[in-house]
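Take a look at the structure below.
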Amino acid sequence: MAEKPIITKFEFTEFEYTLQDMTRDYNGFNLVYEKGSTLTMKQSVMQVHTSMGITGELLSAMPHTLPILAPYLIGKNALERERIYQDTKRALRQQARMGIAQVDIALWDIAGKYYNAPIWELLGGHIRPLPCYASTPHGDHNGGLDCPEAYADFAEQCLEMGYPAFKIHGWGQSLVDLEIANIHAVGKRVGGKMDLMLDPACELETFGDTVKVGWACDEERFFWLEDPYKDGGISQFAHRKLRQIIKTPLLQTEHVRTLEPHVDFALADATDYLRGDIGYDGITGVMKLAHAAEGLGLDIEMHGPGPAQRHVMTSLRNTNYYEMGLVHPKCEGTVSNVAYTNYEDGLHAVDDKGCVYAPTGPGLGVELNWDYIRAHQTGHFVIA
Ligand SMILES: [Mg+2]
C-alpha cells in the first residue's frame, strides 16, 4: 500500500487586513459603506500538517472546538474524510458541530495535493462557467447604497458588466416601506433582464413585515426570498405558512447545520431551495446536502464566494448561481484580494458573461500570499 498522509499538527497564522470606505451599521454586525472609513479585519490561515509533508491550508479563524478535536485527529489518516466527518459530527454535538467544516476542507485540500488533482476532479466535476449574482452589502445611510435609486443604478451597472443576477441585502432595523420601494425600483429597472433576489438577512422584525415584503417580491417576480425575518431563518412552521401566502420561492437553511435538519426543512414544505454553507458543513457535508436536494428534485445554492464553493458548484448539476459578494459600486475589497496570489473574488472578478471558474491546481488550487500574510501577522498558534 502506498504511504498515507498522517495528520501531525495544526498551525494558525493570524493576520490583519483593511477594508477601505467600509464601516459597521447600527448593530455593529453589518458591514456598510462609509466614505473615508477604514475597518481593520482579522483572518487566519489554518494549516493541517501531515507526515508526508503535504499540508492542507485554508483561510479560517481557529475553530474554538479544535482543542477538543485535535487529540482525536492527530495520528489519523487524512484521506479518511468520511469517517472523520462522522466522528467529529458526533463529538461536537454539544458545540453546534462548529469546526467540522474547517477540518474537512483542509482534508480535501490534502487529498487533492496527494492525488495531484483539483478537488472538483475528485468529486467527478468538470470545468464550466459558474454564473454569478452580484450580492450587495447591507444598505447604508451614507451616500452609497442609501436609496432605491442607488440600488437600481447598481443593478443596471452589474447587468451591463454581464451579471445574470443581482441580490439585494437591504437595510437594517426593519425599514419595511423602504425595503418594498427598493424591490419595486430594482424590479422596474432590470426585472426580466436578470434574476433578482432579496436577502434581508433576518433583519425584518415580524412575520407580518415578511408577508408585505414577500408580496412586493411576488409583484416583481423575484427569483428567491432568503432568510427574511427574525426567527433567524430556522422556523419550519413559519416558512411553510409563508409559502402558503406568497408565491416567490424561498431559500432557507443557511442557518441550520448538517444533513438531517436540512432534509427536515425541505420535507416540512418550508423552503424551495436548499442553502449549502461550506464554512459550516464542509465539502463533505454540503455534497451530502446537494445529493439529498437532488433526490427531492430541488436545487442547492452555495453561500458566499470562495475557492471551495467553486469546486463544489462545478461538480453539481442542481445549482444555479455563485454568490459574488459582497460587492458595492463605490468600494471593492475582500480578503481574497490580499490573501491569495492566484485567486480573487470581487465585483470585477467575473468575465463578460458574469461567470467565474473553479481553480485548476491540486487541492483547493489556490496559493496564499505569504509575503502579505507574514508582513501583517498578528498571532501564531500551534497544536501538535
Ligand atoms: Mg444569506
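Just so you know, all these numbers are worked out from the coordinates, no wet-lab data involved. Predicted, not measured: the structure shown is a model, and the values here were computed from it. Here Cβ is always computed from backbone atoms with ideal geometry, including for glycine, and neighbour counts include all displayed protein chains.
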Inset, instruction - Please find the FRET efficiency linking residue 24 to residue 188, where r is the Cβ-Cβ separation and R0 is fixed at 25 Å, and quote it to the nearest 0.05. - result: 0.20
Legend entry - Under-5 Å amide H pairs with residue 58, H placed in peptide plane, nonlocal only: 46
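Which value at 222 nm does the chain reach when only helices count, each DSSP H run of 4 or more adding -39,500 (n - 2.57), with the total divided by all residues and rounded to the nearest 500 deg cm²/dmol?
On the way: 13 runs with 135 residues, N = 384.
About -10500 deg cm²/dmol.
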Inset, instruction - Please say if the chain is rounded, prolate or oblate, where rounded means a/c under 1.5 for a ≥ b ≥ c the square roots of the C-alpha gyration tensor eigenvalues, and otherwise the choice is prolate for a/b larger than b/c and oblate otherwise? - result: prolate
Legend entry - Within straight-line cross-link reach of residue 113, lysines at Cα separation under 19 Å, skipping those fewer than 8 residues along the same chain: 4, 9, 76
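Once you list every other residue whose beta carbon is under 9 Å from the beta carbon of residue 320, what net charge do they have if Lys and Arg are +1 and Asp and Glu are -1?
That sum, taken over residues with Cβ under 9 Å, equals -3.
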Legend entry - Within a Gaussian network of the chain (alpha carbon springs, distance under 10 Å), most fluctuating of 64, 255, 184: 64
Inset, instruction - Can you spot the lysines whose alpha carbon is less than 22 Å from residue 288's alpha carbon? Ignore those fewer than 8 places along the same chain. - result: 89
Legend entry - All Cα pairs of the range 317-384, percent lying beyond 17 Å: 58 percent
Inset, instruction - Quick one: order 352, 195 by neighbouring beta-carbon count within 10 Å, fewest to most. - result: 352, 195
Legend entry - Backbone HN-Hα couplings from phi across the range 363-373 [Karplus 6.51/-1.76/1.60, Hz, Gly and Pro as x]: x, 5, x, 10, 10, 6, 8, 5, 4, 5, 4
Inset, instruction - Classify the range 47-149 as rounded, prolate or oblate, taking a ≥ b ≥ c as the square roots of the eigenvalues of its Cα gyration tensor: rounded when a/c is under 1.5, otherwise prolate if a/b is larger than b/c and oblate if not. - result: oblate
Legend entry - Contact order relative to length of the chain, as percent, for alpha carbon pairs under 8 angstrom and 6 or more apart: 21 percent
Legend entry - Choice from 207, 29, 154 with maximal GNM fluctuation in the chain (Cα, 10 Å cutoff): 29
Inset, instruction - Check cross-link reach from residue 330 to the lysines: straight Cα distance under 24 Å, and skip same-chain residues fewer than eight apart. - result: 35, 42, 167, 188, 193, 353
Legend entry - the range 286-297 - phi-based ³J(HN,Hα) in whole Hz, Karplus 6.51/-1.76/1.60, Gly and Pro as x: 6, 5, 5, 4, 4, 6, 5, 4, 4, x, 9, x
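How high is the relative contact order of the range 17-157? Use alpha-carbon pairs under 8 Å, at least six apart in sequence, and give a whole percent. Numbers along the way, then the final one.
Numbers: 155 pairs, mean separation 32.0, N = 141.
Value for the range 17-157: 23 percent.
Contour minus end-to-end for residue 96 and residue 384, with contour as 0.36 nm per residue of separation and end-to-end as the Cα-Cα distance?
101.2 nm
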Inset, instruction - Find the relative contact order for the range 257-384 and round it to a whole percent, using C-alpha pairs within less than 8 Å whose residues are 6+ positions apart. - result: 18 percent
Legend entry - Table column - 3J(HN,Hα) (Hz), the range 185-197, Karplus curve with 6.51, -1.76, 1.60, x for Gly and Pro: 5, 5, x, 5, 6, 10, x, x, 9, 8, 6, 10, 10
